[in-house]
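Notes follow the structure.
Bear in mind these aren't lab numbers, they're just calculated from the coordinates by the rules spelled out. All values derive from a computational prediction rather than experimental measurement. Neighbour counts are summed over all protein chains in view; Cβ atoms, including those assigned to glycine, are modelled from backbone coordinates with ideal geometry.
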Amino acid sequence: MAAKIQRYSRGCGFSYTAGFFPTLCLIQRKPELLRLVYASKDAVGTEGLDRILSLVDKSKVIISDEAVAKLGSKGNDHVIGVFNIPEEQALDPEGDHLVMVNPMDMGNVGNAMRTMLAFGYKDLALITPCADCFNPKAIRASMGAFFSIRIAHFSSFEEYISAYPRTFYPFVLQTDRFLSKIERVPAEPIALVFGNEGTGLPEGFRTPDAIRIEQSDEVDSLNLTTSIAVALHDFRYRIKRG
C-alpha cells in the first residue's frame, strides 16, 4: 500500500476512512483492521494527528499530500485511514435489528449506521442487491459508526427472517396503522424493515404489523434516512416493551 496508492474498488479487500474522527474510530474500535494512515503535511503538529500517533505504530503513518488528495474527496480530509474489510458478521439474535431491503444509495446506508449507533442499535441486515456498505462514501457517511455496527447480507428477506425469527415491523405508506398510535410491543427482539429509496417495500410487506409515519400532505414522503431515524428513536425511547 505504501508504494502504490490505490483507489477503492468493490471486492478489493480494503477501504478508507476520511478525516480525523472516523480514522480515530477505526483505530480505537477496530485496531486489528488498520493497515496504514496517510496524513497531509498540514496535519503535522495538529492535535488530531498527535492523537493518532499516540495510538498506532508510527511506521503505519505516512505523510503524503499525494495520497490524501487522491483518496479524499472534500479537499480538507487531512488524514486517510486504510483498513481491511472485515469478514461477514453474525447479528446478535437477542438484539433489535434494522433491515434495509435493496437500498441503493451508499450515503443512505452510511447515515443509517450513524443513526443506529446514536440510538443504541448495533445490528444491520442488508438485503441484496444493495449499495456497497464498504465503499468509502458509505464509510464517510457513517462518521465512524461502521466500526461499531454488525452488518450481514442476505439474498432475500426470507433468508434473513429464517436466520433470525422475530416479529418485524415493515414501514410502508399503504396502511392506516400509524407509528404515533403504537404504545407497546412485545418484550422480544424485533426488526424494523425499510425498503428501497425509490420504490419502498414490495406489496408482500403490507402485513397487519406494517406501520406508517404520519406526515403532512404538503410533501410526497419522508426520505429514507429520516424515516429510519424517526422509527429507531420511537422504538428505543417512546414505545414500551412487554
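Quick notes
- Between the helical axis of 224-233 and the longest alpha-carbon principal axis of the chain there is an angle of about 70 degrees.
- 0 to 90° range, to nearest 10: angle between helix 20-29 axis and the chain longest Cα axis: 80 degrees
- Tilt relative to the chain, helix 106-118 - C-alpha long axis, 0 to 90 degrees, to 10: 80 degrees
- Inter-centroid distance (Cα atoms) of the range 206-242 relative to the range 24-87, Å: 37 Å
- Across the options ILE151, ALA125, THR175, the greatest Cα extent toward the positive end of the charge dipole of the chain (unit charges at beta carbon of Lys, Arg, Asp, Glu) belongs to ILE151.
- Applying a DSSP loop filter and a limit of 13 other Cβ atoms within 10 Å to the GluC sites (Glu not before Pro) in the range 23-88 leaves GLU87, GLU88.
- Applying a threshold of 18 Å to the alpha-carbon distances of LYS70/LYS137; LYS58/LYS137; LYS30/LYS60; LYS30/LYS122 flags LYS58/LYS137 as lying beyond it.
- Taking Cα centre as origin and charging only the Cβ of basic (Lys, Arg, +1) and acidic (Asp, Glu, -1) residues, the dipole magnitude of the chain rounds to 640 debye.
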